[in-house]
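Below is one structure, written out as structure tokens; comments come after it.
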Amino acid sequence: MRILVIDDEPKVASFIRRALEEENYAVDVASDGQSGLDFAKSVNYDLIVLDLMLPQLPGMAVLQQLRAARIHTPLLILTARAELDQRVRGLDAGADDYLTKPFAIEELLARARALLRRGSGSSTEILQVEDLVINTATHEVTRGGQRIELTSKEYALLEYLMRNAGRVLTRPMIIEHVWDLDFDTFTNVIDVYISYLRNKIDRGRDRSLIQTVRGSGYMIRAEE
């Protein structure tokens with residue numbers, strides 16, 4: 001899942017980015033409101049973490065313009081402004097949650113997971129296709145009760161496939177949600193990681209869950 005952090009405090013933004021990347025999210029950072037708005041309009045993010053006090057364009061204006069453009073990406077306001085009227089304004093303008101600074105990183109991660117579940121239409125931290133199970137809170141992956149060890153990027157790719165089970169995901173879609181802005185779109189890294197996942201998840205099994213849709217992309221689904 002790909003997250004955009006819009007915050008002009010370098011230390012705070014770096015701290016949040018590291019914490020989210022340790023949870024296997026792809027993360028982009030914008031240091032001002034205008035560039036954050038441009039990022040959010042050009043990339044299909046799964047979650048936006050937005051500070052309110054930003055240079056060039058205030059966070060509230062970023063939020064209002066996103067919602068006016070019918071971009072309904074789940075959005076968490078993260079700000080030092082704790083006044084009740086500010087929280088009410090933010091939520092009424094279309095924010096999905098509001099967290100004040102200073103904050104515990106564990107709470108931010110929990111709120112991010114909740115918003116990502118809501119955005120994907122899931123009400124649980126457990127994703128399952130046949131006997132393949134992911135616990136998105138602990139990142140534990142099992143198939144047939146047997147634990148499977150994945151690298152952070154393998155896990156991120158698998159979670160995206162699982163959240164969209166039965167849906168064909170094109171390479172551009174996978175790039176947008178699993179890799180960050182530094183990704184080289186001309187490499188075959190997606191095919192390589194799909195191969196890694198197949199070796200760990202499908203090899204030696206009676207049924208293959210990860211499928212190639214020729215000319216389109218990849219999907220994960222139970223065999224009919």
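The values are calculated or read from the model by the stated rules, or taken from the named source; none is laboratory data. Just so it is clear, the model here is predicted, and its values are computed rather than measured. Virtual Cβ from ideal backbone geometry, glycine too; neighbours counted across all protein chains shown.
Residues in the range 78-109 that are within 20 Å of the chain's Cα centre (by Cα), over 15 Å from Phe15 (Cβ atoms) and in a strand (DSSP E or B): Asp97, Tyr98.
Scanning the range 172-224 for residues being under 26 Å from Glu23 (Cβ atoms), at pLDDT below 90 and touching an Asp or Glu at 6+ places or on another chain (Cβ under 7 Å) gives a total of 3. Among the conditions (1) acidic (Asp, Glu); (2) closer than 23 Å to Ile175 by Cα; (3) part of a helix (DSSP H, G or I), Asp28 misses just one, which is (3). Looking at Leu84, Leu52, just one residue is at pLDDT below 95 and touching a helix residue (DSSP H, G or I) at 6+ places or on another chain (Cβ under 6 Å), and that residue is Leu52.
Can you work out which of the residues in the range 29-49 that are surrounded by fewer than 19 Cβ atoms within 10 Å (Cβ to Cβ) and under 17 Å from the mean Cα position of the chain (by Cα) is nearest to Pro74 (Cα to Cα)? Taking the candidates together, the pick is Asn44. Taking every residue in the range 1-13 that is in the same structural domain as Leu52 (by TED's automatic domain parsing) and free of Cβ contacts under 8 Å to residues at least 12 places away in the same chain and pairing it with any residue that is crowded, with 19+ Cβ neighbours inside 10 Å and assigned to a loop (DSSP other than H, G, I, E, B), at least 6 positions away or on another chain, yields no pair with a Cβ-Cβ distance below 7 Å. Filtered by the rule that a residue be in a helix (DSSP H, G or I), among the hydroxyl-bearing types (Ser, Thr, Tyr) and surrounded by fewer than 18 Cβ atoms within 10 Å (Cβ to Cβ), the range 132-183 gives a lone residue, Ser152.
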